[in-house]
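What follows is a set of notes on a single structure, which appears directly below.
Taken together, the values in this text are just the output of simple stated rules run on the coordinates, not laboratory data. This one's a predicted model, so the numbers in the text were calculated from it and none came from an experiment. Because the Cβ atoms are built from the backbone with ideal geometry, glycine has one as well, and the counts that use them run over all protein chains shown.
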Amino acid sequence: MKPAPFDYHAPESVADVVALLGEHGDDAKVLAGGQSLVPMLALRLTRFEHLVDITRVGELHGITRVNGSLRIASATPQAVAEHEPLVADLVPLLARAIPYIGHFQIRNCGTVGGSLAHADPASELPAVALALDATFEATGPSGSRDIAASEFFTGTWETALVDDEVLVATRFPVWEGRVGFGFGEVARRSGDFALAGVVAGVELDAADRITHAAVGLFGVSSTPVRAASTEAAITGQPAAADTVKGAALAGAADLHTVDDVHATGSYRRRVAAHLMETALDAAIEEARGVGA
């Protein structure tokens, strides 16, 4: 199939992007790489009268450290972030998740902001942003505002952005000290969307107690989710295998998983428990090695 007819716009500034979105309202859609949107258009799963391509907007490209966070502008290609040493050094969890997005050809065109704004619940980057308490910078006709990751993902392919706003950048907090991270997902084939996936981070004190934990899941529900009960169960506890295993099982039991043609909710719950355990074990092992 071919997409329905549309008008193509290629603005060169954020102000022009916002003006176009304001002019055309919900008839317009931001195009940021198109690795998710274009197939949906081609299959006529959705249609828009106007596509606003933001890839030529210079201010929407770049990776910088800003006040304890790593700021990634929205049109930055995933492949650029994947191979940027600053990302690996400051936000290791992000660097580990990006290679699981599709294949390298997709990451060459797909953008960091596009993946986040598309808000596919089986996508890796939304779960990373949620787990790390990232902040989203949005700009619209009334100005700019920050949106917390906990408030950003509102449903499948739905976010807190309104029709005339564009996601300008995302700020990922930089963890310091005795910290470690873990990642895992299960998919039918390499490059497929995950049936279930987990991102995890921990911070340890000098006595190997877990002082901070973050666990995000993707592919299990209608949005990325935090495993809040798992985080609470291990925080303040010794970094021990039995602590992690029990918390992972309890966290998985609390999940509201979905059934679809790819997997049942009960399967996703079992896989999530295993992935949480292995990701947290890996994060703890890494944190123990920091400064050793």
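Shape of the stretch 134-292 from its Cα gyration tensor (a ≥ b ≥ c, root eigenvalues): rounded if a/c is under 1.5, otherwise prolate when a/b > b/c, or oblate?
Oblate, since a/c reaches 1.5 and b/c is not below a/b.
Once you sort the root eigenvalues of the Cα gyration tensor of the stretch 134-179 as a ≥ b ≥ c, which label holds: rounded (a/c under 1.5), prolate (a/b larger than b/c) or oblate (the other case)?
Because a/c hits 1.5 or more and a/b fails to exceed b/c, the stretch 134-179 counts as oblate.
Quick one: if the Förster radius is 41 Å, what FRET efficiency do Glu176 and Ala15 give, using the C-beta to C-beta distance and rounding to 0.05?
Efficiency for this residue pair is about 0.70.
Just to be sure I understand: if I project the alpha-carbon convex hull of the stretch 1-114 onto a plane and average over all orientations, what area do I get in nm²?
7.8
Taking Cα pairs under 8 Å and at least six residues apart, what relative contact order does the stretch 221-266 come out at, in percent?
40
Rounded, prolate or oblate, given the Cα gyration tensor of the stretch 142-219, with a/c below 1.5 counting as rounded?
Cα axes put the stretch 142-219 in the oblate bin.
Ranked highest first by average number of other Cβ atoms within 10 Å, how do 272-283, 86-97, 156-167 line up?
Output ranking for 272-283, 86-97, 156-167: 272-283, 86-97, 156-167.
Picking from His103, Val80, Ala15, whose Cα lies most toward the positive end of the charge dipole for the stretch 1-160 (charges on Cβ: Lys, Arg +1; Asp, Glu -1)?
His103
When Lys and Arg each count +1 and Asp and Glu each count -1, what net charge do the other residues less than 15 Å away from Pro85, Cβ to Cβ, add up to?
Taking every other residue near Pro85 into account, the sum is -1.
Going by how many other Cβ atoms sit within 10 Å of their own, how do Lys2, Lys245, Lys29 line up, fewest first?
Lys2, Lys245, Lys29
Residues with beta-carbon under 14 Å from that of Ser13, excluding Ser13: net charge, scoring Lys, Arg +1 and Asp, Glu -1?
-3
I need the calculated FRET efficiency for the pair Asp7 and His103, taking r as the beta carbon distance and R₀ as 25 Å, to the nearest 0.05.
0.25
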